[in-house]
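Inspection log for the structure reproduced underneath, given as structure tokens.
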Amino acid sequence: MDEKSSHSHRLLIVLLMLMLFGVIVLQYVCPGTSDCQIFRIGSIFKSNSASDAITYRNGDGKDGSPKDPYISEDNALVRFVPRFNFTKADLSRAVDFNIKGDDVIVFLHIQKTGGTTFGRHLVRNIQLERPCECHAGQKKCTCLRPGKKETWLFSRFSTGWSCGLHADWTELTNCVPTRMDAHEAPETPIPRRNYYYITILRDPVWRYLSEWRHVQRGATWKASLHVCDGHSPTLSELPSCYLGDDWSGCTLQEFMDCPYNLANNRQTRMLADLSLVGCYNVSAMGDEDRSAVLLESAKRNLRGMAFFGLTEYQRKTQYLFERTFRLAFIAPFTQLNGTRAASVEVALDTQRRIRRLNRWDVELYEYARDLFLQRFQRARQQERRQARERRQQERRRLRGKLSSARPGRPLRPTEEATPPHRADIRPVPRSQSTQEIVEGGGETLEAEGLLPDWWDLEENGTLEDYTDNVEQW
């Protein structure tokens, strides 16, 4: 009887220890159940497993390097295993952007990817010799080069929807040069500009749910032109999913049932060259062949862009933009989980159907995510290597000074120069993007107190009548 009692006590202790361990692990992976995506649709993202972050030491290194501030941005385990092979040119993204010359940044804004917040960063949050002029009550800012009356930024908040509402890659690449040339003075020779295209991508399921909620509130984007090969699609090529002025109040089931819904694989379509598949004429080739061509074109264009970011990785997005263009942001990027899409409870069968409807976007996002993290990893390795080289050069310089001060007494093998005082060494320049970060995993929202009053206008905050907001530059 005593043996059975002691055995049951040992078993009870083991179970309690396992339970305690599970609670500790859960608190580490998901600090708050109210904003934890594990309890919602996060379980369907098989590709977003626990091997999604960059492998770095979470502590001071042997070389004196500080803790890595990017190590757990997405609350995943600190390990990233690349799946795709990219060339050195694909991974090295540092352009010689000359804001005083003729270079132009073109922002391709895909719906419901957090592009509105990123667009505001571009016009209001970059340290510039000549900051953009933004006035209360105006939707656009004036972003001119130092000493010139020319813009360096082509985006919604600088030039308006000059190439159409949410113009895609096909529209922008054909429209932007013409629009820029049209604003040159008649007697001025047209300069040879460098156009640097950038965009933001988002997890396809979250983006799809966010677009559904936005359409449910009355958004239509029916003012979009969808110009391809010089003309817009006919009604037979691009039928409408609804009757009336908008699709407000539609259910998720109705949203998924429409075969003409442009929300399906929107990111792939907007990044691809649509002229390769006959634009919106779906009878030009079979569905599978058409989708394969679009997906490969989107991947190729994404690789060739000067920069792209991911909504789920705000700090890394800021870091890579700053290193790519050698521009620094004033306030750090932040993100929280509290979006409307995050509040949607979706059944597993519905989640799987959304993934099937967006299977090309799912594949594109996995590809983009792998490329993004490899670029980040390479950039961080280069930064650390450069920091070590600077420290070594500083030590050699100090040893040289000490040797010249005592010419008759060379340093012994075991003798080292006295390390300099911390204040004597210039710190490696770092952006604020590596500090004061609010972690999370959803669409971008700014931490309270970090930004001025204009930042309260979040992307989903107020429904806009897009028909009235197609502004011509």
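The values are calculated or read from the model by the stated rules, or taken from the named source; none is laboratory data. In this text, all values refer to a predicted model and were calculated from it rather than measured experimentally. Cβ: placed from backbone, ideal geometry, glycine included. Neighbour counts: every protein chain shown. All accessible areas refer to the heavy atoms of the entire protein, side chains included, with ligands and DNA or RNA removed. Shrake-Rupley method; radii C 1.70, N 1.55, O 1.52, S 1.80 Å.
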Exercise. Restricting to segment 164-221, what's the tally of residues that are open to solvent by less than 20 Å² (accessible area, probe 1.4 Å), in a loop (DSSP other than H, G, I, E, B) and among the basic types (Lys, Arg)?
Worked result: 1
Problem set entry | Top-ranked residue of segment 238-280 - restricted to ones that are open to solvent by less than 60 Å² (accessible area, probe 1.4 Å) and among the acidic types (Asp, Glu), ranked as farthest from the chain's Cα centre (by Cα) | Asp246
For this session: Kindly establish whether Glu312 is acidic (Asp, Glu) and surrounded by 21 or more Cβ atoms within 10 Å (Cβ to Cβ).
Result: yes
Problem set entry | Pairs where the first residue, in segment 281-309, is closer than 17 Å to Trp169 by Cα and open to solvent by 30 Å² or more (accessible area, probe 1.4 Å) and the second is part of a helix (DSSP H, G or I) and of a type in the set (D, E, K, R), C-beta under 6 Å, 6+ apart | Arg303/Asp90
Seminar exercise, completed: Only one of Arg145, Arg217, Arg202 is under 26 Å from Ser297 (Cα atoms) and of a type outside the set (A, V, I, L, M, F, W, C), namely Arg202
For this session: Mind listing whichever residues of segment 81-117 are in a helix (DSSP H, G or I) and under 14 Å from Gly309 (Cα atoms)?
Result: Leu91, Gly115, Thr116, Thr117
Exercise. Which condition breaks for Gly101 when tested against (1) of a type in the set (Gly, Ala, Ser); (2) farther than 30 Å from Tyr280 by Cβ; (3) open to solvent by 20 Å² or more (accessible area, probe 1.4 Å)?
Worked result: (3)
